[in-house]
Every structure is written in structure tokens, then in C-alpha cells.
Amino acid sequence: MSFVHTPVLEPAQQQALAVDFASLLEKSFQSEITIGSLSVGEIIKVDKESLLIDISGKYEGVVPMKEVPDCDTAEQLGQLFQAGQRMDFFVVKDNEEQSHYLLSLRRVSFVKNWEILQQHKEKQENITATLLGLTKGGMLASVLNIKGFIPASQLRGSKPMEEMVGETLPVKVLEVDRHRNKLILSHRMAMFEQKAQQRAETLKTLAEDTTVTGEVVKITDFGAFIDINGVDGLLPLSEITWQRIKHPSDVLALGDSLSVTVLTIDHERQRISLSLKRMQPDPWSLVAVEFTPKQRIEATVSKQLVSGVLVELMPGVEAFCPYAQHGRIFEVGTSYPFEVLSIAPHDRRVTLAYRPVVTETVEVETPELAAV
């Protein structure tokens with residue numbers, strides 16, 4: 001009788017063996033197929049209308065012809081594929097009735113494109129997008145045949161958004177989530193990076209109180225942004241015109257070329273503030289020439305206040321008229337007779353009084369008829 005000798009393992013050897021077994025077990029679990037993901041498989045048979053796939057030697061899958069890109073006939077299928085080829089397949093679903101997985105080659109590029117987008121986000125690299133159309137709050141765009149969204153605040157163009165449809169432009173990936181089908185892009189950040197060198201050179205040459213020329217690239221409620229050789233300068237609403245306006249679009253449009261004055265330069269934050277109205281003479285410098293106290297004028301009410309109204313004397317100059325004894329009889333946009341009470345051009349203040357026109361009634365004597 002012979003006996004089999006079983007060696008006794010040292011504790012360290014036992015631990016190493018346990019680690020190896022755990023590693024093999026983990027790899028076994030990792031080879032499990034996950035719906036909606038990619039798996040490597042080998043073609044074991046090419047049928048007339050499908051491909052039969054072996055996945056990890058454990059599962060079988062089928063790729064219908066409709067899930068093969070650029071393939072419409074059995075002849076094409078036979079020309080494109082042969083047994084033994086290994087490649088990635090997208091797992092569509094588990095077909096329990098026929099004991100195999102439904103696979104797709106058409107959707108492989110879709111998944112890989114999401115992975116490419118994730119890599120662009122992590123590396124902060126630019127990628128090209130095609131604008132598809134307008135949507136609420138921004139524009140739809142296509143990147144690697146995947147639809148994404150560019151918020152209006154992340155667009156930087158010199159014309160209205162509806163005129164940009166069909167154009168291609170560089171973007172950065174802000175957010176990417178394949179499972180939620182969410183892709184957020186930024187054109188503004190891509191352009192900001194592209195023009196970094198140009199922006200630095202421009203800031204070196206700019207000086208306050210100088211005149212520069214730029215293009216309107218964005219209009220907001222509080223002003224407009226002007227591209228000055230790569231630097232976006234802010235033109236505030238109050239610096240657009242001497243006249244009262246409700247919105248910058250009342251005067252400006254995207255793509256307009258403007259000559260403006262540089263007010264301030266913030267080199268650290270790479271920001272500049274601009275003025276358009278200061279390219280024209282201050283209308284208040286003409287007030288003392290055009291108007292005098294006790295002068296009677298006809299002028300239009302431009303705004304109602306709590307205690308009175310503002311009256312436009314000339315473009316960019318408004319005077320104040322209190323309601324006083326006449327009450328709230330004024331309507332915005334209507335002209336009324338006023339008298340100039342006081343003028344203080346340095347304080348930018350003119351005070352008026354409402355002087356209604358009094359129509360005098362003249363009595364006409366009627367001669368008595370002579371008695372007949």
C-alpha cells in the first residue's frame with residue numbers, strides 16, 4: 001500500500017494561495033456579462049442573417065444583421081466577417097427563451113464615443129460640435145453622433161442663435177453621463193482657451209481713456225460684451241447711450257462693430273469695462289446754452305416717479321417736475337407745457353413747473369338792433 005504525501009504549507013504560502021484563489025474568483029465574476037455594456041467575444045459562425053458569438057467561453061450571443069453597420073445582405077455579412085474574429089460587442093439584452101444574449105455591433109461606437117467624451121472632459125480638451133437647432137435655454141449640438149446641450153450662457157457668437165444652426169464650432173465637455181443620456185458643452189470656454197495668447201498680448205497694449213474697436217458678441221439685460229482682440233469687454237447698460245433705454249438690444253445687435261472708450265482695466269482678472277456714450281459730447285454741457293430760467297417750453301414726459309415726473313428736454317437730458325398742486329395728471333409719452341425754474345448743469349439737475357395754457361375768453365359786445 002502506498003500513501004500520497006501532502007505537503008504542509010507554511011502560513012505565508014497559505015496566505016499567498018488564498019490571495020491567488022481570490023484573484024481568480026474576482027476575475028471570474030468580472031467576466032459576467034452586464035446589459036448595456038461592452039464585452040469581448042469571438043465569432044464562431046456566420047449565418048445568412050446573423051453572427052453567432054462566443055463570449056469568454058461561457059456564454060453565447062447573437063448579432064442580428066440589423067445590428068451590423070453598413071450591412072444589408074447575407075453576402076455582405078460573409079464578406080465582412082469570418083469565424084475566429086475577436087472584437088467588442090454591445091450587450092443589448094438577455095434572450096432567456098433562446099438561451100443567448102442579443103448583441104450589437106452598431107451600438108459599439110456609441111458606447112466608445114461616450115468614453116471618448118469622458119476622456120475629453122478629464123483632459124479638458126476641445127472637441128468639434130455641430131449645431132442642430134434651438135431649444136429652451138440654449139442650443140442642441142451633435143458631437144460624435146451624440147446629442148448634447150449648449151446653454152445660451154456658454155455660447156459665444158457674433159450673430160443670433162437661429163442663424164448659427166448648421167455651423168461647427170469648438171466646445172469643451174462640461175458634463176457627461178451616458179446612463180442619463182446627458183451631455184453639457186461650452187463654446188465660450190473653448191474660445192476663451194483658444195484666445196489666451198491673443199488676450200494676453202491685447203491686455204499689454206490696452207490703456208484707460210483710449211479708443212478701441214470691437215465686435216458685439218453677447219447681449220444681456222445688464223449690458224453687452226464686446227470682443228476687443230480676444231478680450232471680452234463689458235459695456236454696461238448705463239454706458240451705452242446718454243438717453244434712457246430699457247435694454248441694450250434697443251440700440252445694439254450681435255455682430256455690430258463699435259468704437260468705444262476703455263474705462264477700466266483689471267489685469268489680474270483679465271477684464272475691461274467700456275463706454276460707448278462717452279464717444280459723444282455730454283449733452284449736459286449744452287443745457288445752460290439751450291435753456292434759461294423762466295423759459296416756457298413744450299416737452300415730453302419720459303418717466304413717472306413717486307413725487308413727480310421726469311421730462312426729456314433733449315436726448316440724454318431729463319428734468320424733474322413735481323406733481324405739486326396739479327396731481328398725477330401726466331402720462332408717459334405725452335407732451336405738456338412747462339416753465340424752467342432752475343438749472344444746475346454741474347449737478348445734472350433741471351427743475352420744471354407745469355404751466356397749463358390758459359385760454360382767455362374775450363367778450364364780444366353785440367350791438368342792439370334798432371327798433372323798427
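Give the range 225-244 a look and list any residue that's modelled with pLDDT under 90 and not in a strand (DSSP E or B), or say none.
Asn229, Gly230, Gln243, Arg244
Does Lys159 satisfy the criteria of being assigned to a loop (DSSP other than H, G, I, E, B), basic (Lys, Arg) and not assigned by TED's automatic domain parsing to the domain that holds Val311?
yes
Which condition number does Ala253 fail, the rest of (1) closer than 22 Å to Val317 by Cβ; (2) small (Gly, Ala, Ser); (3) free of Cβ contacts under 8 Å to residues at least 40 places away in the same chain being met?
Looking at each condition in turn, Ala253 falls short on (1).
Residue-wise test of (1) at pLDDT 95 or above; (2) surrounded by 14 or more Cβ atoms within 10 Å (Cβ to Cβ); (3) acidic (Asp, Glu); (4) over 12 Å from the mean Cα position of the chain (by Cα).
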site: Leu131; (1), (2), (3), (4): yes, yes, no, yes
site: Gly137; (1), (2), (3), (4): no, no, no, no
site: Leu140; (1), (2), (3), (4): yes, yes, no, no
site: Leu144; (1), (2), (3), (4): no, yes, no, yes
site: Gly148; (1), (2), (3), (4): yes, yes, no, yes
site: Leu155; (1), (2), (3), (4): no, yes, no, no
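Restricting the range 247-305 to residues that are assigned to a loop (DSSP other than H, G, I, E, B) and surrounded by 17 or more Cβ atoms within 10 Å (Cβ to Cβ), which is modelled with the lowest pLDDT?
Checking each candidate, the answer is Leu254.
Would you confirm whether any residue within the range 42-57 is within 45 Å of the chain's Cα centre (by Cα), modelled with pLDDT of 65 or more and of a type in the set (D, E, K, R)?
Within the range 42-57 (the criterion being within 45 Å of the chain's Cα centre (by Cα), modelled with pLDDT of 65 or more and of a type in the set (D, E, K, R)), the answer is no, since none of the residues qualifies.
I need the strands (runs of 3 or more DSSP E) fully contained in the range 37-153, keeping only those with at least 2 residues that are among the aromatic types (Phe, Trp, Tyr), touching a Pro at 6+ places or on another chain (Cβ under 6 Å) and outside the structural domain of Leu174 (by TED's automatic domain parsing).
Answer list for the range 37-153: none.
Of the numbered conditions (1) assigned by TED's automatic domain parsing to the domain that holds Val262; (2) surrounded by fewer than 19 Cβ atoms within 10 Å (Cβ to Cβ); (3) closer than 21 Å to Glu167 by Cβ, Val216 satisfies every one except a single condition; which is it?
(2)
The values are calculated or read from the model by the stated rules, or taken from the named source; none is laboratory data. Note that the structure is a prediction, hence the values are computed from the model and not measured. Here Cβ is always computed from backbone atoms with ideal geometry, including for glycine, and neighbour counts include all displayed protein chains.
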